[in-house]
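Chemist: Can you keep this structure in mind? I'll have questions shortly.
What follows is calculated from the coordinates using simple rules that are stated; it is not laboratory data. Treat the numbers as computed from the prediction; the structure is a model and nothing was measured. Backbone-built Cβ (ideal geometry, glycine too); neighbour counts: all protein chains shown.
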Amino acid sequence: MKIGIMGGTFDPVHNGHLTLAEYACRDYQLDQVWFMPNGNPPHKDNKNIVSTPRERAYMVSLAISGHRNFRLEDYELRRKDVSCSYRTMEYFKKLYPQDHFYFIIGADSLFSLEQWVHVERLFPTCTLLAAFRGDKSSREVMDRQIQLLTEKYDADIRLLSTPLVDISSHELRRMLKDHENVDGLMPRAVVDYIQKKQLYASQ
């Protein structure tokens, strides 16, 4: 199978995440996309993660309900130590050697990859799909970065063209705290759950 991996804190999950996964499925004919909430990411301060791992996983499960090609993957949530992408992907590759993995990242991550822990061990495990939502000049900058990483690490990195969804989890948390309208930015079931639990009310 061709499997996409969508990692992130998903605090909370929103329509931008779903759109990215949908375009990856369409453009690269993926059989599945696994939404994988981070448990203890090395690049983020856990004090900035507002909801609990269980709550984030449940929000993802609500968001992907009805998408038959999407599934929740809780591997990193079950780990007690720091979750590094290379270690996770080496585990998946060993467990599912017959499958091909596509690791989906945002445009910003393309330029910070070399700061990731042992990124040289990530590249052999998967094809990286870097989201592209810009103009021609942005495309040229991304192409140059891809060429640099490809030559340096023998990496397989491809662009994933997606529509601009101008929202972030950080901004959504602020909007939810301030009781602003988030219709169209998140699945309704996720909004209802957040309001019921008052997850971001006292952020």
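Chemist: Please state the charge dipole magnitude for the chain, taken about the Cα centre, from unit charges on C-beta atoms (+1 on K and R, -1 on D and E), reported in debye and rounded to the nearest 20.
Modeler: With Lys and Arg at +1 and Asp and Glu at -1, about 560 debye.
Chemist: Report, in degrees rounded to the nearest 10, the 0 to 90 angle that the Cα long axis of helix 15-28 makes with the longest principal axis of the chain.
Modeler: Once rounded, the angle reads 30 degrees.
Chemist: Lys/Arg Cβ at +1, Asp/Glu Cβ at -1, dipole of the range 2-167 taken about the Cα centre: which of LEU113, ILE3, LEU72 is farthest positive-ward?
Modeler: Working it through, the farthest residue towards the positive pole turns out to be LEU72.
Chemist: Near LEU110, within a Cβ-to-Cβ distance under 14 Å, what is the net charge of the other residues, with Lys and Arg +1 and Asp and Glu -1?
Modeler: Within the 14 Å Cβ shell, the charges total 0.
Chemist: Taking Cα atoms, how many degrees apart are the long axis of helix 136-153 and the longest axis of the chain, rounded to 10 and kept between 0 and 90?
Modeler: The helix 136-153 is inclined about 60 degrees to the chain.
Chemist: Continuing with this model, one more query. So what's the net charge close to LEU185: Lys and Arg +1, Asp and Glu -1, counting the other residues with Cβ under 13 Å from its Cβ?
Modeler: Residues close to LEU185 contribute a combined charge of -1.
Chemist: Looking at the square roots a ≥ b ≥ c of the eigenvalues of the Cα gyration tensor of the range 58-102, which shape do they give, rounded for a/c under 1.5, prolate if a/b is larger than b/c, or oblate?
Modeler: It comes out oblate by the Cα gyration axes.
Chemist: Select from TYR153, HIS179, GLN195 the residue farthest towards the positive end of the dipole of the chain; place +1 on Cβ of Lys and Arg, -1 on Cβ of Asp and Glu, and compute about the Cα centre.
Modeler: Sorting the options by dipole projection puts first GLN195.
Chemist: Continuing with the same structure: Find the percent of Cα-Cα distances in the range 1-94 that exceed 22 Å, and round it to a whole number.
Modeler: 26
Chemist: Rank PHE132, PHE123, PHE111 by mean-square fluctuation in a GNM of the chain with C-alpha springs under 10 angstrom and give only the top-ranked residue.
Modeler: PHE111
Chemist: Okay, moving on. Using a cut-off of 12 Å between beta-carbons, work out the net charge of the residues near SER61 (Lys and Arg +1, Asp and Glu -1, SER61 not included).
Modeler: Result for the local shell: 0.
Chemist: Below 18 Å, Cα to Cα, which aspartates and glutamates can LYS2 reach? Residues fewer than 8 away in the same chain don't count.
Modeler: The reachable aspartates and glutamates, counting only those whose Cα sits under 18 Å from LYS2, are GLU22, ASP27, ASP31, GLU73, GLU90, ASP99, ASP156.
Chemist: Quote the charge dipole size of the range 23-141 about the Cα centre in Debye, to the nearest 20; the model charges only the Cβ of Lys and Arg (+1) and of Asp and Glu (-1).
Modeler: Taking the Cα centre of the range 23-141 as origin, the dipole is about 300 debye.
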